[in-house]
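To start, the structure under review is shown below, and the notes come after it.
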Amino acid sequence: MTTAPPPRPPRFDPRLVLSFLVITLIWGSTWLVIKSQLGVVPPSWSVAYRFLIGGGAMLLLCLTTGRSLRIGSRGHGFALAVAVTQFVLNFNLVYRAEAHVTSGLVALCFALLLVPNALFAWVFLGQAIRPGFALGAAIGIGGLAILFAPDLFAATAAAADLARGIGLTLAAVLSASIANVLQATPLARRLPTEGTLAWAMMWGGLIDAGFAWTTAGPPVFDPGLTYVVGLLWLALAASALAFSLYYAIIRAVGPGVAAYSSVVLPLVAMTLSTLFEGYHWTATGILGGTATLIGLLVALRSR
């Protein structure tokens with residue numbers, strides 16, 4: 001009696017490849033754009049504005065295109081879980097992290113997203129992890145250690161500031177990873193992608209606004225062109241459009257494979273950080289950054 005061959009792993013179809021390229025280009029720029037949101041407006045209010053606008057745009061899209069917004073009570077519970085992990089905790093942490101470190105370094109730390117993505121998918125979804133993944137992840141983490149070690153061990157105020165920024169970023173990575181794995185659950189696949197995202201983003205924006213009012217006081221807004229254009233880019237392109245595409249990729253191929261974007265994004269972000277934030281590459285920085293990306297590519301190939 002012969003046994004059936006194991007199912008082949010899902011592959012990207014052309015639409016998913018295009019989606020992957022679009023979100024890579026958009027999200028690669030957002031780390032730098034977030035810097036324009038820090039200053040006059042408290043970070044919590046900038047996050048709230050972003051997702052209230054993005055959620056409103058998603059609701060309008062669903063209403064005008066006939067896409068379902070009916071997700072039921074379980075669907076709203078799911079949307080609330082995504083709202084809290086992705087659109088409240090993750091982004092409030094990221095915006096605060098960028099007050100301490102350059103946008104490119106935050107993006108590079110976020111490359112580690114594939115590690116908790118794969119681990120949570122193994123624990124909660126039963127998706128296997130190969131030994132090569134552990135090796136690649138170890139190389140990637142070692143690369144980050146090489147990158148940050150010289151500054152972290154310096155007995156200066158800047159070292160403490162850097163440590164604070166890294167800590168906030170890693171907490172954001174864990175929160176975002178939980179939200180990503182939620183998208184690969186059976187319940188998520190039964191829900192309409194755009195409608196669920198619209199509700200999650202709106203719930204997130206409302207919670208963000210409540211948090212901002214409680215911690216930073218009444219709303220503050222910057223009418224300057226740089227702030228407004230940056231806010232619209234983050235709300236419409238980086239949130240409404242990019243998250244719609246990204247969650248569709250996760251539901252199609254799983255959170256581990258979808259995390260390929262987390263390896264490509266730092267290349268865009270670090271380039272922009274070098275050009276516009278004056279990030280200075282040292283020999284240690286080049287070695288650590290290169291090792292991080294190589295390790296994460298090894299880890300993903302083993303998935």
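The values are calculated or read from the model by the stated rules, or taken from the named source; none is laboratory data. Model, not experiment: these values are computed from the prediction. With ideal geometry, Cβ positions are generated from the backbone for all residues, glycine too; neighbour counts draw on all protein chains shown.
Points to keep in mind about this one:
- Leading residue by the ranking (nearest to SER68 (Cα to Cα)) among those in the stretch 186-208 that are out of contact with any Gly (no Cβ under 9 Å at 6 or more places or on another chain) and at pLDDT 95 or above: ILE207
- The criterion of being over 15 Å from the mean Cα position of the chain (by Cα), farther than 29 Å from ILE53 by Cα and part of a helix (DSSP H, G or I) holds for VAL298.
- Of all the residues in the stretch 72-100, those that are of a type in the set (Val, Ile, Thr) and either touching a Lys or Arg at 6+ places or on another chain (Cβ under 6 Å) or surrounded by fewer than 24 Cβ atoms within 10 Å (Cβ to Cβ) (or both) number 2.
- Residue satisfying all of: in the stretch 83-97; among the aliphatic types (A, V, I, L, M) and in contact with a Gly (Cβ under 8 Å, 6 or more places away or on another chain); farthest from ALA160 (Cα to Cα) among these: ALA83
- Scan the stretch 111-121 for residues that are closer than 18 Å to VAL268 by Cα and either touching a Leu at 6+ places or on another chain (Cβ under 6 Å) or buried (at least 24 other Cβ atoms within 10 Å of the Cβ) (or both) and the total you get is 3.
- Check on THR64, assigned to a helix (DSSP H, G or I), over 20 Å from VAL229 (Cα atoms), out of contact with any His (no Cβ under 6 Å at 6 or more places or on another chain) and at pLDDT below 95: yes
- Qualifying residue in the stretch 17-36 (condition: out of contact with any strand residue (DSSP E or B) (no Cβ under 6 Å at 6 or more places or on another chain), assigned to a helix (DSSP H, G or I), more than 26 Å from PHE276 (Cβ to Cβ) and hydrophobic (A, V, I, L, M, F, W, C)): yes
- Residues being surrounded by 14 or more Cβ atoms within 10 Å (Cβ to Cβ), in contact with a helix residue (DSSP H, G or I) (Cβ under 7 Å, 6 or more places away or on another chain), within 27 Å of ALA242 (Cα to Cα) and of a type outside the set (Phe, Trp, Tyr) are represented in the stretch 143-151 by at least one member.
- ALA99, sole failed condition from (1) in a helix (DSSP H, G or I); (2) closer than 30 Å to LEU144 by Cβ: (1)
- Filter result for ALA159 (without any contact (Cβ under 8 Å) to a residue 12 or more places away in the chain and farther than 20 Å from ILE34 by Cβ): yes
- Of all the listed residues (PHE110, PHE124), the sole one being over 13 Å from the mean Cα position of the chain (by Cα) and part of a helix (DSSP H, G or I) is PHE124.
- Failed criterion for VAL40 (all others in (1) more than 14 Å from the chain's Cα centre (by Cα); (2) in a helix (DSSP H, G or I); (3) more than 19 Å from LEU245 (Cβ to Cβ) hold): (2)
- Close pairs from the stretch 122-133: first surrounded by 14 or more Cβ atoms within 10 Å (Cβ to Cβ), partner of a type in the set (D, E, K, R), Cβ under 8 Å, at least 6 apart: ILE129/ARG303; GLY132/ARG301; PHE133/ARG303
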